[in-house]
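Chemist: Could you have a look at this structure, given as structure tokens, before my questions?
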Amino acid sequence: MARIAGVNIPTNKRVLIALQYIHGIGDRFAKDICAKVKIPAERRVNELTDAEVIQIREVIDADYMVEGDLRRTVAMNIKRLMDLGCYRGIRHRRGLPVNGQRTHTNARTRKGPAKAIAGKKK
């Protein structure tokens, strides 16, 4: 089992898919990393040599913000918005949708389970 950026990568998956288990690496970045290290797309993680794993690790460390650093940066950005008291920060603070979605109906994921209103029958 390869360990890259503090994440155990699944061994029986293709490298392109396995790299996406790292927070901050999606489809596009995984393709970029494979191109930089010159690994074919159909190669599996268990077929990688130790040198290739080290190369992948070095490319990720040098060029991409992943895992803890990325989570910390995103959390600090949200905290900054909340401290400023801007519209987006207030929406974060109240636990409501931030990007202009409707809240009259829907938005249950963000708002949580529906709360019953006393005395409302109709």
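Chemist: How many Å² of accessible area per residue for the chain, probe 1.4 Å?
Modeler: In whole numbers, the chain has 72 Å² accessible per residue.
Chemist: Let me ask something additional. Near residue 11, within a Cβ-to-Cβ distance under 13 Å, what is the net charge of the other residues, with Lys and Arg +1 and Asp and Glu -1?
Modeler: Neighbourhood net charge equals +4.
Chemist: Straight-line reach only, C-alpha to C-alpha below 12 angstrom: list the aspartates and glutamates that residue 36 could link to, leaving out same-chain residues fewer than 8 apart.
Modeler: Straight-distance partners of residue 36: 52, 58, 63.
Chemist: Sort 71-80, 85-94 by the packing proxy (mean of other Cβ within 10 Å over each peptide's residues), most packed first.
Modeler: Going by the mean number of other Cβ atoms within 10 Å, highest first, we get 85-94, 71-80.
Chemist: Same structure again: Over the chain, what is the mean sequence separation of C-alpha contacts under 8 Å (at least six apart), divided by residue count, expressed as relative contact order in percent?
Modeler: 18 percent
Chemist: Separate question: Could you order 47, 42 so the one with the most accessible surface comes first? Probe is 1.4 Å.
Modeler: Output order, biggest surface exposure first: 42, 47.
Chemist: Please report the net charge: other residues with Cβ closer than 12 Å to the Cβ of residue 87, K and R +1, D and E -1.
Modeler: Around residue 87, the surrounding residues sum to +4.
Chemist: A follow-up question, please. Round to a whole angstrom and tell me the spacing of the C-alpha centers of segment 31-50 and segment 94-108.
Modeler: Segment 31-50 and segment 94-108 have Cα centres spaced 41 Å from each other.
Chemist: While we're on this one: How large are Rg and Dmax for segment 46-95 when calculated on the C-alpha trace, in angstrom?
Modeler: 17.8, 51
Chemist: Another question, then. Between residue 50 and residue 76, how many nm apart are label points set 7 Å from Cα along the C-beta direction?
Modeler: Once both label points are built, they end up 3.6 nm from each other.
Chemist: In the neighborhood of residue 64, defined by Cβ-to-Cβ distances under 15 Å, what is the net charge if each Lys or Arg adds +1 and each Asp or Glu adds -1?
Modeler: For residues surrounding residue 64, the net value is -1.
Chemist: Give the label of the value calculated from the structure for semi-axes √(5λ) of the Cα gyration tensor in Å, choosing from [x] 49, 19, 11; [y] 42, 18, 12; [z] 29, 18, 16.
Modeler: Here the calculated entry is [y].
Chemist: May I ask for the angle, rounded to the nearest 10°, between helix 50-63 and the longest principal axis of the chain, with both axes built from Cα atoms and the value confined to 0 to 90°?
Modeler: The two axes meet at around 40 degrees.
Chemist: Any idea which of 92, 7, 23 is furthest toward the positive side of the dipole for the chain, if Lys and Arg beta-carbons carry +1 and Asp and Glu beta-carbons -1?
Modeler: Going by the Cα projections, it comes out as 92.
The values are calculated or read from the model by the stated rules, or taken from the named source; none is laboratory data. None of the values given here were measured: they were computed from a predicted structure. All Cβ positions, glycine included, derive from the backbone under ideal geometry; neighbour counts span all protein chains shown. The accessibility values were calculated without ligands, DNA or RNA, using every heavy atom of the protein model including side chains. Shrake-Rupley method; radii C 1.70, N 1.55, O 1.52, S 1.80 Å.
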